[in-house]
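These notes concern the structure reproduced below.
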Amino acid sequence: MNTPQDDKLNLSGRWEYIRGKLKEKYPHLDDEDLRYDEGQEEMFIGRLQRRLGGEKRESIIRTIKTL
């Protein structure tokens, strides 16, 4: 069962690390794909979904949280 907390991304203070790990895991992502503006999580996740072939939102969030 997912709780609202499960869908939240907390990238504050860790963004450069997460960005580097995403780039390692998905080398085809470019700087524009990995652009993150605070408060724009949905736009960021949507961009990743498009570039990762429609991967589910929950899967992307889970991947980011495990980095």
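Could you check SER59 against (1) of a type in the set (Gly, Ala, Ser); (2) on the phi > 0 side of the Ramachandran plot; (3) modelled with pLDDT of 90 or more and say which number it fails?
Here SER59 meets the rest and fails (2).
Give me the pairs: first residue in segment 34-46 and in a loop (DSSP other than H, G, I, E, B), second residue crowded, with 18+ Cβ neighbours inside 10 Å, beta-carbon distance under 7 Å, and six or more apart or on different chains, which are they?
That search, which allows pairs on different chains as well, returns LEU34/LEU22; TYR36/PHE44.
For segment 7-35, give me each residue that is farther than 15 Å from THR66 by Cα and either surrounded by 12 or more Cβ atoms within 10 Å (Cβ to Cβ) or under 10 Å from the mean Cα position of the chain (by Cα) (or both).
LEU29, ASP33, LEU34, ARG35
Filtering segment 36-67 down to residues that are closer than 17 Å to GLU24 by Cα and of a type in the set (A, V, I, L, M, F, W, C), which residue is surrounded by the fewest Cβ atoms within 10 Å (Cβ to Cβ)?
This residue is LEU67.
Could you list all residues from segment 1-45 that are of a type in the set (Gly, Ala, Ser) and at pLDDT below 95? Before you say what the answer is, go through the steps one by one.
Here is the first cut: in segment 1-45, the residues of a type in the set (Gly, Ala, Ser) are 12-13, 20, 39.
Matches in segment 1-45: SER12, GLY13, GLY39.
If ASP31 passes every condition in (1) in contact (Cβ under 8 Å) with a residue 40 or more places away in the chain; (2) not in a helix (DSSP H, G or I) but one, which one does it miss?
Every listed condition holds for ASP31 apart from (1).
The values are calculated or read from the model by the stated rules, or taken from the named source; none is laboratory data. None of these values were measured; they are calculated from a predicted model. All Cβ positions, even for glycine, are placed from backbone atoms using ideal geometry, and neighbour counts span all protein chains on display.
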